[in-house]
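Some notes on the structure that comes next.
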Amino acid sequence: MPRPAYPETMPAQGAAASRRFSRWIPAIAAPIAIGVAVVLVPMQANAAVDLPDLTPEELLELAASSDVEALSGTVEQTSELGLPDLSGLTGGMGGASGGDDDEGSDAGASGADLDDLMSLVTGNHTAKVYVDGGDKRLQVLDRLGERDVYITDGGAWIWDSREQTATHVTVDRAALEALEAEAEAHADEARERLEAELDGPLPTPDEVLDEALAKLDESTEVSVGTDARVAGREVYELVLVPRDDDTLVGEVSVAIDGDTGVPLAASVTAAGADEPAFSVAFTDVSFAAPDASVFAFTPPEGAEVTEHEVPIPTVAELEQLKAEAETGVDAEGTPRPIVHGSGWSTVVELPAGRGPAGLDEGADAATGDPDAAEGLGDASAMLDSLAQRVDGGRLISTSLVTVLFTDDGRVLAGAVTPEHLLAVASSGR
Amino acid sequence: MPGETVEASAGSVATRDARTGGGTAWLLGSELLTLFRRRRTWAMLGALALIPILIAVAIIIAGPAPTGRGPAFLSEITNNGLFVGVTAILVAIPLFLPLTIGVVAGDTIAGEASHGTLRYLLIAPAGRIRLLLVKYAGAAAFCVAGTLTVVVVGTLVGWLLFPIGPVTLLSGATVSVGDALVRLLAIAAFVTVSLLGMSAIGLFLSTLTTVPVGAMAATAILAVVSQILDALPQLEWLHPWLFTHYWLGFADLLREPMVWDNFIDNAVLQAGYLVVFGALAIGRFLTKDVLS
């Protein structure tokens, strides 16, 4: 391109300056273009979602009538519970408990379980979900690692790539079927008896739903929020707001796919907070049946394989459990958890002599079981670093859950304010 | 102004050359020849090749690593030599690869300027933008070479010193050796793409100075700073924007089925860095007074 001949009168300095500026244009335009794209694309995706209006009842019916058999997608979980990130601390514990396997699998298991639990509660996770009828798979994508849960007809496989362990969980099918048959027989019997008592047929599912909603309405404000877009799909938002001042929960919101009725996202927001403390949402989802090969799992060579069969209680054992629950003491004589209050401000109390009590006097005194004590010793060291000293015990408070370890060995937990928990602890109600 | 004259002549040469064509290929060829003839380049590739060799030899001498200790995959090596390459790339990516890329990318323009050869390059048939593109292509070629060196040497050493067999993936599935080799190449591609954004930053920094060491150090330091920021949970909102954020995402290629989300996100992010810092480099280089 020939250069334009500048008029003699124009100062050369000015021309050079304008030419210089024009050469910076791409450098200025590129970030602006990217910035605009970053802002506009999500806006575009969220814009103009207008599904036909539904009442909460209709929305719940839509969700209940969902007949999606197969789906696959990516799920993101984020949590901001106000707890410090303990992955380093618990990771060290996991390594230690993995090292001394011979010390007793109980201790190793409780350390690893606690590790998993803490990492699930405090961290952010991405997972792939595959469902096809009875076959299900959850694939948790850890950085440089992976945890998998495969559920098929042959039982469930739990795989951990870091530990190279595979656990095969099976149930005794015959026992399960016997229990189911028994339960069905009982259900029929119960219905006949009820119908005889009510002098008419049982309420229809619709009526049951209405009644449940009416009951829910006493404790919770149920409404349908603004339509939105989750994983590129148009969703309804079901919003539950507790009518209770003692709870820390400010709002629970569930996004329900407007087309299929499948819940695509859920989040819990603490009272007074803007951002959810805990949320799970699909970032992409497809309702096509995933390839059958994703459900196949054979433990690889060299992995540590554990077989675990879940015992199915017989009807007689169930009756016994029920009786124990009523008396509050189980077969070994240890007291059962006590539930205080109802609804959103429910507080669960583990009486003294159960659970990781006695932070100060040491865990071994609490249970007398050396294996468990070792795992709990780790736990109590960790709890010590989290807990805050209050009158009459130690308190761990997060944005959603408060846990109190009293000095007399009780443990109280609930989604309630610390004040309420302390009041329950002192009054025993 | 001396700079103006060089600029003007470079511009006119570029327009003349655009008509003749073929100059870019020639320029790129000579750039690659210069780059890969340098003793420094070979020294850096040799250092990268040492990583898998050291890992393999250490394991031969010291015995297998216990599960869950040291870098991921390390404990797998004694079972399967193919993991030497994966472990080596995992060890190399936080520091050694960025260091070498920083040296090459930081040297692109500033190196020529410090040798006093930049003005001759611009007098020779090359426009400024074209020179930048060729220099960037050279840095990108080194990214490919560096990554492949680690992966290929790692695989060969593993093949020599350890048993080779079907590979257990992160998902617990087992794939054949052939499939595993393809996945190793895919990992090399992932890591190469991961380094392209950083190369663009190095190119831009290199246009700012005539002291190549400054640009090299700044580029390498930026990579480290970015990784530190990526490790701070308080800066979570910033993480997806850091060019090092997806560097360890190559593990997704070792899952079954393969997960491509990180690969795509990473490619988009690196393209963004390439566009922004490429444009900055062009803006700076076109307006720069080339005095040496």
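Quick note: the coordinates plus some simple rules give every number you see, no bench work behind them. Keep in mind the model is a prediction, meaning the values are calculated, not measured. Note: ideal-geometry Cβ built from the backbone for every residue, glycine included; neighbour counts use all protein chains shown.
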Under 5 Å from the placed amide H of A:F278, counting only residues 5+ away or on other chains, we find A:E80, A:V268
Taking chain B as the reference, fit the longest principal axis to its C-alpha atoms, fit the long axis of helix B:261-287 to the helix C-alpha atoms, and give the angle between the two in degrees, 0 to 90, nearest 10.
20
Show which lysines lie in cross-link reach of B:K288 when reach means a straight Cα distance below 21 angstrom and same-chain residues fewer than eight apart are skipped.
B:K135
Could you tell me which of B:F263, B:P166, B:I53 has its Cα farthest along the dipole of chain B towards the positive end, charges placed at Cβ (Lys, Arg +1; Asp, Glu -1), taken about the Cα centre?
B:I53
If the reach is capped at under 27 angstrom between alpha carbons, list the lysines near A:K215, excluding any in the same chain fewer than eight residues apart.
A:K322
For A:D142, which sequence-distant residues (separation of 5 or more, or a different chain) have an amide H within less than 5 Å of its own amide H, given hydrogens modelled in the peptide plane?
A:R147
Quick check: the angle from helix B:96-115's long axis to the longest principal axis of chain B, C-alpha only, nearest 10 degrees?
10
Across the stretch A:58-72, in residue order, what do the Karplus-derived ³J(HN,Hα) couplings come to in whole Hz, using 6.51 cos²θ - 1.76 cosθ + 1.60 with θ = phi - 60° and x for Gly and Pro?
4, 5, 5, 5, 4, 5, 5, 8, 4, 10, 6, 9, 10, 7, 8
Binned at 10 Å starting from 0, the alpha-carbon pair-distance distribution of chain B in whole percents comes out as 6, 26, 30, 21, 11, 4, 1
When you look at the Cβ of every residue in B:171-181, what mean number of other chain Cβ atoms sits within 10 Å?
4
Please say if the stretch A:197-255 is rounded, prolate or oblate, where rounded means a/c under 1.5 for a ≥ b ≥ c the square roots of the C-alpha gyration tensor eigenvalues, and otherwise the choice is prolate for a/b larger than b/c and oblate otherwise?
oblate
Lysines whose Cα lies under 22 Å from that of A:K128, excluding same-chain neighbours fewer than 8 positions away
A:K136
Using 18 Å as the cut-off for backbone N distance, which residues of the stretch B:193-209 belong to the label zone defined by a point 7 Å from the Cα of A:R20 along Cα→Cβ?
B:207-209
From the phi of every residue in the stretch A:295-310, what ³J(HN,Hα) in whole Hz does the Karplus formula 6.51 cos²θ - 1.76 cosθ + 1.60 yield, where θ is phi - 60° and glycine or proline is x?
8, 7, 9, 10, x, x, 4, x, 7, 7, 10, 10, 9, 9, 9, 6
Take peptide B:278-287, look around each residue's Cβ out to 10 angstrom, count Cβ atoms belonging to other protein chains, and average those counts.
6
Sorted by chain and number, the residues with a modelled amide H under 5 Å from that of A:G225, at a separation of 5 or more or across chains, are A:E237, A:L238, A:V239
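How big is the charge dipole of the stretch B:73-224 about its Cα centre, in debye rounded to the nearest 20, if each Lys and Arg gets +1 on its Cβ and each Asp and Glu gets -1 on its Cβ?
With only Lys, Arg, Asp and Glu charged at Cβ, the dipole is about 420 debye.
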What angle, in degrees between 0 and 90 and rounded to the nearest 10, separates the Cα long axis of helix B:128-161 from the longest principal axis of the Cα atoms of chain B?
20
Which of B:F83, B:A137, B:V290 sits closest to the plus end of the dipole of chain B, meaning its Cα is farthest towards the positive end, when Lys and Arg get +1 and Asp and Glu get -1 on the C-beta?
B:V290
In peptide B:249-260, how many Cβ atoms from other protein chains are near each Cβ within 10 Å, on average?
4
The farthest towards the positive end of the charge dipole of chain B, of the residues B:A113, B:Y273, B:W237, given +1 on Cβ of Lys and Arg and -1 on Cβ of Asp and Glu, is B:A113
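Just to check, using Stokes-Einstein with a Kirkwood Rh over alpha carbon pairs, what's the diffusion coefficient of the stretch B:116-272 at 10 °C and 1.306 mPa s in µm²/s?
It comes out at roughly 89 µm²/s.
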Would you please put A:27-33, A:315-321, A:397-403 in order of how densely packed they are, using the mean number of other Cβ atoms within 10 angstrom per residue and starting with the highest?
A:397-403, A:27-33, A:315-321
Would you mind pulling out the separation of the Cα centroids of the stretch A:388-402 and the stretch B:163-224, in Å?
46
Roughly how big is chain B's charge dipole about its Cα centre, with Cβ charges of +1 (Lys, Arg) and -1 (Asp, Glu), in debye to the nearest 20?
780
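Give me the dipole magnitude in Debye, nearest 20, for the stretch B:173-269 about the Cα centre, with unit charges on the beta carbon: positive for Lys and Arg, negative for Asp and Glu.
For this selection, approximately 260 debye.
If we count other beta carbons within 10 Å of each Cβ, what is the order of A:D132, B:D261, B:D252, fewest first? Please report the intermediate quantities before stating the final value.
Working: A:D132 19, B:D261 16, B:D252 24.
Fewest to most other Cβ atoms nearby, the residues stand as B:D261, A:D132, B:D252.
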Residue by residue through the stretch A:398-405, which ³J(HN,Hα) values in whole Hz follow from phi under the Karplus form 6.51 cos²θ - 1.76 cosθ + 1.60 (θ = phi - 60°), with glycine and proline marked x?
10, 5, 10, 10, 10, 10, 10, 9
